[in-house]
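Structure first, then comments.
The values are calculated or read from the model by the stated rules, or taken from the named source; none is laboratory data. Only a predicted model underlies this, so the values are computations on that prediction, with no experimental measurement involved. Backbone-built Cβ (ideal geometry, glycine too); neighbour counts: all protein chains shown. The area values use the complete protein model at the heavy-atom level, side chains included, leaving out ligands, DNA and RNA. Shrake-Rupley method; radii C 1.70, N 1.55, O 1.52, S 1.80 Å.
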Amino acid sequence: MIKLSNSARFSAVALMLVLMCAPRLALGQVEEYRLMLDWGYRGKTDVAGSEDLYRSQLDYGEGPKLFAANLFVVPADGPNRFFDRLELRMNSWGGEPYNTAHLRASKDGLYDLEFDYRNVHYFSALPSFANPLFESGNLEAQHKFDISQRFARFHVTFRPEERFSPFVAYERTSRQGPVRTSLAAAGDEFVVNADTDIHSDDLKFGMNLKFSKLSIFLEQGFRWYRDETPFLTLGFQEGNSKRPLISEDITLDRYEAQSDVDAHIPFSNAVVVYQPTDSLLLRGDLSYNIADLSSNFSDQLSGNFLAFSPLAVLFPEGGTLAVSDAKSPNLSGSFSAHWQPSDRLRIVERFDVRRMHVSGSSLVTSTFLNAEPLLSSGVVDRLESSTPFASFFSVDVNIQEVQGLFYPTPGLMLRLGHRFESKELKADQTYSWDRNVLIAGAAYDFSSSARISVEYELGRTDQAILRSDPVDFERLRLRGRWSVFEALSFRGSVALFDHDNQENLIDFTSRSRDYSLEFTYAPSQRVSISGGYQRSDIDTDILFTVPQLLVTDRLIYRERGDSANLYMSFHLPANSTLSLGYSVWGTVGNFPVNDHRPLVKLEIPVKERWVVYGQWNYYDYNEKFSLLPQDYRTHLGLIGLRITLD
C-alpha cells in the first residue's frame, strides 16, 4: 500500500474537487466551458543553516501541489438550469503556507452566490525576539508560533440587478495550533506552552437600494467570539534570571492554565452615496459596534516563587483566578464631498470621526499554599487575597481635510489643501493632541508617455500622546514615468520623511529616504527585460528608560539598504519560453543582512493546450551580526503541467 503524505492528500483532494465541479465531459450540454489546471511537484534540498528561520520567512514544502485551477461554465438553456454561470478558482493547494478557493454561481435576476476560503499557516520562531538568553548563546526561541488561520465566507445576494437587493452572509474565522510563549511569574520568567483555540462566527444580512441619483447600503451583523486556549508545561526550569532573590533560586516545576473568553458583538454599517448633479458627489459611511466581553482565566503553578502581595512570602504552590467583564462601544464614520464647479477646478472635502470607549471590571483572586512570610516565622497553609479592578479608557479622533485641485492647462494640475487632526485619550488622566498639516502638490504631463508628480506635507503640533507619535514632520514624494520609445520605459520615485520631537525625556528624531528606479525593455517580440533598483536610508534616535536600572539611555538605529532585481524572458523555437531572474538585497547598520534569490524557468508546449514547465529557485539569506549570526540556504525545484481546455 502506498502511503501519501499530507501534502499529497491535500493536492489530490483539491484536484478531485475541481474535476467533480467540471461537467462530465458532456460538452454538448454547456454553452461555454473553460478549464485550466496547473499541477506539479516541488522538491527541496535540506536547509543549510536555520530551519526555523527558513520556515519563519518562506515555509515552502515538498510534494505534489495544485498551484492553480480555474473553471468557468455557462450551461445551455434548459428548464432545469439552476445557474447561468459557475466560476471556481483554487490556488496553492497541497501543503502550501497560503491557499485559497473561490466559488461563484449566479442566475440572472435571481441570485449571486459567493464562497471564499483562505488558509494561512503562520510559523514564527525567531530566536532574537524576546529572548534574554540570546547573547549567552541560546538560539531557542522563547516565542514560537505554529498556527493555522482559516477563514470561510458564504455570501448570497438576491435579485442583484434590482432596485431593492437583499443579502445574507456567514463568516467563520479560526486560529489553532501550538504556541510557545513566556510567563512572568513571581520573580522570574519561564517558557510555557499553549494550544491556541480561537474562533469567531459572523452572521450578516442587509439590503442594497439603488435609485437614479442615490444608492444606500445597510448591514446588520452579529459576531460570536470564543477563546478556549489551554496552557500546560511540565518539567523543571530555572527561569531567565540566574540571580537569586533574597538568597532564593526562583524555579518552576509545573504550570497549568485555562483561558476562557466569550464575546458577543452586534455591529451595524451604512453607506450612502448621493449625486444630485453631475458636478457634485456626496458620500457618507457609518459603522457602530458594541462588544460585550466576559473572560475567566485560572492557573496553577508549583516550584519555588516569591510574591509581594498581600504579604512578602515565599511559596512552593499557588494559583490565580481572574474574572472580568468589559464593554466597548465603537463608532466610526466618514463624510466626503467631491465638487467640480468647472473643468479647471475640483474641491474635495473629507471628515472622519472615531469614538472608542472601553469600560471594564475584574476580580483577581490569588492563592498561596504553604507560604512562608518573609517578615515573620512559620508557614501559612493557605493565604488568599482578592483584588477588584475597574478601568475606563477612551480614544476620540477627528480628522477634517479639504483640498483644491486646479488645472490651469490640460497637462498641469496644482494641489493645495489643509488637514486638521485632533485626538483625545482618557484613562487616569486626559491627554489631548492637535495637529495642522499643510498639503501641496503638482503633476505635469509632458506628453502621453512622460509624467512627473510631486506631493508634499508639512505637519506641526505642540505635543504627543505616545512617545512614538510624530510631532513636527515633513513628507515629500516625487514620482515620474518616461517612455523613451515604444520598447523602453522608466519609472522612478523619491520619498523623504523627517520627524522631530524635542520633548524632554523623549528627544525622538527620525529620518527616512527612499529612492527607486525601474525599467522595462522589449527590443523584439521574442525578448523582454525588466529590472529595478531601490535604495533606503533610515536614521532613528530616541531616549528611553532602562527599567532594571531606572536610568536614561539612547536607542540609535541606523539602516542603509540596497535592493535590485533583473528579469529576462526569451521566446524560443516551438513556442517555448525561457525566463531568468535574479534579486538581491542587503542592509548595513544595526541589522546587516544579505539575501540572494536567483531563478530559472523553462516552459515547453507539448500539445496545443498542454504546457510542461520546470523551475529552479535558490534562497541564500545571511544575517551579518558579529554575535550569533543566522542564515539559511536551500534549493527548490518545480516540475509542473498546465492544461487549458475550452
Next on the checklist: Could you give the length gained by full extension between Ser449 and Leu110, i.e. 0.36 nm per residue of separation minus their alpha carbon distance, to one decimal place?
Outcome noted: 117.5 nm
Next on the checklist: With P(r) over Cα pairs in 10 Å bins from 0, in percent as the read-out, I listed (1) 3, 13, 20, 22, 19, 14, 7, 2, 0; (2) 3, 12, 15, 12, 8, 6, 6, 6, 6, 6, 6, 6, 4, 2, 1, 0; (3) 3, 9, 15, 21, 26, 16, 7, 2, 1, 0; which label goes with the value calculated from this structure?
Outcome noted: (3)
Checklist outcome for this item: Checked against the positive end of the charge dipole of the chain (+1 on Cβ of Lys and Arg, -1 on Cβ of Asp and Glu, about the Cα centre), the farthest of Ser453, Leu218, Ser528 is Ser528
Checklist entry - In region 150-219, what chymotrypsin sites (Phe, Trp or Tyr not before Pro) fall in a loop by DSSP, with at most 12 other Cβ atoms inside 10 Å? => result Phe211
Item to check | Calculated FRET value between Asn296 and Glu248, using beta carbons and R₀ = 25 Å, to 0.05 | outcome: 0.20
Checklist entry - Measuring with a 1.4 Å probe in the full set of protein chains, what accessible area per residue, in whole Å², belongs to region 171-270? => result 52 Å²
Checklist entry - Which is the longest run of the chain containing none of the GluC sites (Glu not before Pro) found in DSSP loop states (not H, G, I, E, B) with at most 16 other C-beta atoms within 10 Å? => result 239-485
Item to check | Gained length - Gln176 relative to Leu555, 0.36 nm times residue gap less alpha-carbon distance | outcome: 132.8 nm
Next on the checklist: What whole-number distance in Å separates the alpha-carbon centres of region 379-406 and region 593-610?
Outcome noted: 52 Å
Checklist entry - Counting other Cβ atoms within 10 Å of each Cβ, which chymotrypsin sites (Phe, Trp or Tyr not before Pro) in region 590-633 have at most 16 and sit in a DSSP loop? => result Phe625
Next on the checklist: Nearest 10 degrees is fine. How inclined is helix 6-21 to the longest principal axis of the chain, computing both from alpha carbons?
Outcome noted: 40 degrees
Next on the checklist: Given points 7 Å out from each Cα along the Cα-Cβ axis, report the Ser524 to Asn193 separation in nanometres with one decimal.
Outcome noted: 6.2 nm
Item to check | Contact order normalised by residue count of the chain, Cα under 8 Å, 6+ apart, percent | outcome: 8 percent
Next on the checklist: Could you tell me the calculated FRET efficiency between Asp469 and Ser583, based on Cβ-Cβ distance and R0 = 35 angstrom, to the nearest 0.05?
Outcome noted: 0.50
Checklist entry - Along the Cα-to-Cβ line of Gln502, 7 Å from the Cα, sits a label point; which residues in region 421-463 have backbone N less than 17 Å from it? => result 459-463
Checklist entry - In deg cm²/dmol and to the nearest 500, what is the mean residue ellipticity at 222 nm of the chain if only DSSP H runs of at least 4 residues count, each as -39500 (n - 2.57), divided by the residue total? => result -1000 deg cm²/dmol
Checklist entry - Rounded to the nearest 20 Debye, what is the dipole magnitude of region 504-602 about its Cα centre when Lys and Arg each give +1 and Asp and Glu each give -1 at the C-beta? => result 460 debye
Item to check | Those chymotrypsin sites (Phe, Trp or Tyr not before Pro) in region 299-348 that DSSP places in a loop and that have at most 14 other beta carbons within 10 Å | outcome: Phe308
Item to check | With every protein chain in place, the chain: carbon and sulfur % of accessible area (1.4 Å) | outcome: 58 percent
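Evaluate the charge dipole of region 448-547 about its Cα centre and quote only its size in Debye, nearest 20, assuming +1 on the Cβ of each Lys and Arg and -1 on the Cβ of each Asp and Glu.
820 debye
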Next on the checklist: Just to be sure I understand the model, the point goes 7 Å from the Cα along the line to the Cβ. What's the resulting Ser309 to Thr277 distance in nm?
Outcome noted: 6.4 nm
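What FRET efficiency comes out for Arg479 versus Asp77 if R0 is 60 angstrom and r is the Cβ-Cβ distance? Round to the nearest 0.05.
That pair, Arg479 with Asp77, gives E of 0.70.
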Checklist entry - How much length, in nm to one decimal, is gained on full extension between Ser512 and Ser385, taken as 0.36 nm per residue of separation minus their Cα-Cα distance? => result 40.6 nm
Item to check | DSSP loop trypsin sites (Lys or Arg not before Pro) with at most 16 other Cβ within 10 Å excluded, longest remaining stretch of the chain | outcome: 345-466
